[in-house]
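Working notes, beginning with the structure itself.
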Amino acid sequence: MTLSGQESRRRRRTWSFIGAVVLAAGLIVALRLVTSDGGDQAEEVKCGGESLQLRVASSPEKAGIVKQLAGEYSGRTVAGTCVDVLVQSKSSGAAMQALAGGWNEAADGPRPDVWTPAASGWATLLRQRLAAQDRPDVLLEQQPPSLANAPLVIAMPEPMAKALGWPGQGIGWRDLAALATDPAGWAKYGHPEWGAFRLGKTNPNLSTSGLNATIGTYFAATGTSSDLTAPDLDKPEVKSFVGGVEQSIVHYGDTTLTFLSNLLQADDRGAALSYVSAVAVEENSLIGYNQGNPTNDPAKLGQHPRPKVPVVAVYPADGTLNSDHPYAVLNWADDPRRQVAADFLAFLRSDDAQKRFLDQGFRSWDNKPGPQATVDNGVLPETKLNLIRPPSPPVLDLVLKSWAELRKKANVLLVVDVSGSMGDSAEGTGKSKMDLAKQAAVSALGEFGDRDQVGLWMFSTKLEGDQDHRELVPIGPVGQDGRRDALRSRLEGLTPQGGTGLYDTSLAAHEYLKARLAPDAINAVVVLTDGRNEDPGSLDLDNLISRLQVESGSETVRMFTIAYGGDADQDVLKRMAEATQAAEYDSSKPDTINQVFTAVISNF
């Protein structure tokens, strides 16, 4: 199975779009609002009249820094022309898939001239996708230069890491696998109050940390430090090992931001040891977390105090991988843009620019730790890394196919708003919000495997007596008894009606799934709404939040919310998601709902 093949359960795309252009007083400055992995960002265009724009697609964890530097670089003259560098944040996997598909600007956003994913492995996989389609390479260089480096680490709350022998004792994936599969859980190490071992890991089809962590577990399972082979993957003991690790997953996702943000919120409540036991992240993300900045956005540094319980970097003793953040110029860039790309690269690798990367916890382009790589920030900079080489692309495809079979299954209830406002037109699309939402939900059904359990509700107000929701498909295995076709048919038949009974429906959905909790699955409710609670007889928000709140250390139903359209109450939906240690997704621009919906499903 390939990252972008039809067999893959985890095709994930994140999308970009350009919004309105406005003039700033007294300056020839345009601001474009760009929806990306990290949300809306303003791009400053400094040049007027004759000018040239270089577009850069950056992986999210460094997009803030690259964007800041692009703003400082823009406005200079290269080859006699004023130039602007415009940066969009796009996950490495989503950008790779977009490039492999030819980059459709209507769906993928503005086509970049430069792509800087988190790791060179994505460029290797892109070349394989293109070769499989008998299409030429789109990268100018076989080995693009590096902007920065960041080894994969296992971030653990310090007390938990110390219980395993950190920092004096080497800890690896084998140790975590043994803990994950031990019925005693943390009681094995004298801490029954911590419950079971819980791992946070992103989706390997989308995220570099998830991909590298998955590769690391397969290497650990085989006990090899050299090349991983296809026959290795079929060994029963390898499948048992990897499956055991996957069973400890809290949930998956498209970014480590969800895990680190939820962990910081748990720390604020004094419950840092109850959410996750470990998260697979890049070293720089761990440093950002310990500075109270889980997004690692330089603009947010200092806005939140350092966590009370820091996390520390465990460098897997049985091998880890490095993210080298390559800077790849694409072959459709014309000669002037290639000149600008080369000049911008030199700027990014200058001492002053590299200091920005180092200040955010990255290692330099030549792999030297910076001033933030300190013990106080949870890092052991002098640790000798046991770096492993990624498997060949064909074997990596088999790794991902194997992972799709072994990953933790999902137990998910989809809850879709059908209030009257869903019939409103989605500007610029020629379709209603309901039409777009139905298309997105139907498309997302393909992301679920046959053994996943999925159900469907619709809601507005007073659909059945005083009840605001109606069950359309009871929860059950997707591959059983025509359920996939039933889900598709019911979704396609949704029609707008009534008001928005958000609070009562959300609580009812949460209670419904709690009564059907699957202990071996990721249990989650997905609520999509374009409005606010309009049922005056419902429970109030504070009561709803208190009843959704997760008890420390307990198995839970997570509620992932989608704020659909400009009238959705994002603050309320964010509170609902945070109460269940999940995430809220922003689809305030209705034409992004397909991308947002599939990003949500990446959590399962």
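The values are calculated or read from the model by the stated rules, or taken from the named source; none is laboratory data. Quantities reported herein were computed from a predicted structural model and do not represent experimental measurements. Methodologically, a virtual Cβ is constructed for each residue, glycine included, from the backbone with ideal geometry; neighbour enumeration extends over all protein chains shown.
Some observations on this one:
- Matching residues, region 347-397, being buried (at least 18 other Cβ atoms within 10 Å of the Cβ) and of a type in the set (Asp, Glu): Asp397
- Test result for Ala278, surrounded by 15 or more Cβ atoms within 10 Å (Cβ to Cβ), in contact with a Gly (Cβ under 8 Å, 6 or more places away or on another chain) and outside the structural domain of Val250 (by TED's automatic domain parsing): no
- For region 282-334, a residue qualifies if it is within 30 Å of Thr224 (Cα to Cα), within 19 Å of the chain's Cα centre (by Cα) and of a type in the set (S, T, N, Q), and the qualifying residues are Asn284, Ser285, Asn322, Ser323.
- Of all residues in region 131-168, those satisfying the criterion of being of a type in the set (Gly, Ala, Ser) and exposed (fewer than 15 other Cβ atoms within 10 Å of the Cβ) are Ala131, Ala132, Gly165, Gly168.
- Test result for Ser489, out of contact with any His (no Cβ under 8 Å at 6 or more places or on another chain), surrounded by fewer than 22 Cβ atoms within 10 Å (Cβ to Cβ), assigned by TED's automatic domain parsing to the domain that holds Arg532 and polar (S, T, N, Q): yes
- Scanning region 298-324 for residues that are in contact with a helix residue (DSSP H, G or I) (Cβ under 9 Å, 6 or more places away or on another chain) and either in a helix (DSSP H, G or I) or farther than 28 Å from Pro167 by Cα (or both) yields Pro298, Ala299, Lys300.
- Hey, Thr592 over 23 Å from Glu105 (Cβ atoms) and among the polar types (S, T, N, Q) or not: no
- Of all residues in region 495-514, those satisfying the criterion of being of a type in the set (Gly, Ala, Ser) and either free of Cβ contacts under 8 Å to residues at least 12 places away in the same chain or assigned to a loop (DSSP other than H, G, I, E, B) (or both) are Gly498, Gly499, Gly501.
Quick grid of which residues meet (1) at pLDDT 90 or above; (2) surrounded by fewer than 23 Cβ atoms within 10 Å (Cβ to Cβ); (3) farther than 24 Å from Asp182 by Cα:
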residue	(1), (2), (3)
Ser207	no, no, yes
Tyr218	yes, no, no
Leu233	yes, yes, no
Lys239	yes, yes, no
Asp268	yes, yes, yes
Gln303	yes, yes, yes
Arg306	yes, yes, yes
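- Residue in region 524-535 that is nearest to His251 (Cα to Cα), counting only those that are in contact (Cβ under 8 Å) with a residue 60 or more places away in the chain and surrounded by 22 or more Cβ atoms within 10 Å (Cβ to Cβ): Ala524
- From the options Ala180, Ala161, Ala196, Ala184, residue that is over 29 Å from the mean Cα position of the chain (by Cα) and in the same structural domain as Ser248 (by TED's automatic domain parsing): Ala184
- Any chance Leu539 is of a type outside the set (Val, Ile, Thr) and either assigned by TED's automatic domain parsing to the domain that holds Thr258 or modelled with pLDDT of 95 or more (or both): no
- Of Ser538, Ser546, all but one fail to be among the small types (Gly, Ala, Ser) and surrounded by 19 or more Cβ atoms within 10 Å (Cβ to Cβ); the exception is Ser538.
- Of the helices (runs of 4 or more DSSP H) contained entirely in region 151-270, those carrying at least 2 residues that are under 21 Å from Val395 (Cβ atoms) fall at 173-181, 208-222, 230-233, 236-247.
- Entry remark, region 490-516: residues being touching a Phe, Trp or Tyr at 6+ places or on another chain (Cβ under 7 Å) and under 20 Å from Ile475 (Cα atoms) number 2 in total.
- Within region 359-398, considering residues that are part of a helix (DSSP H, G or I) and under 23 Å from the mean Cα position of the chain (by Cα), the one farthest from Gly121 (Cα to Cα): Leu398
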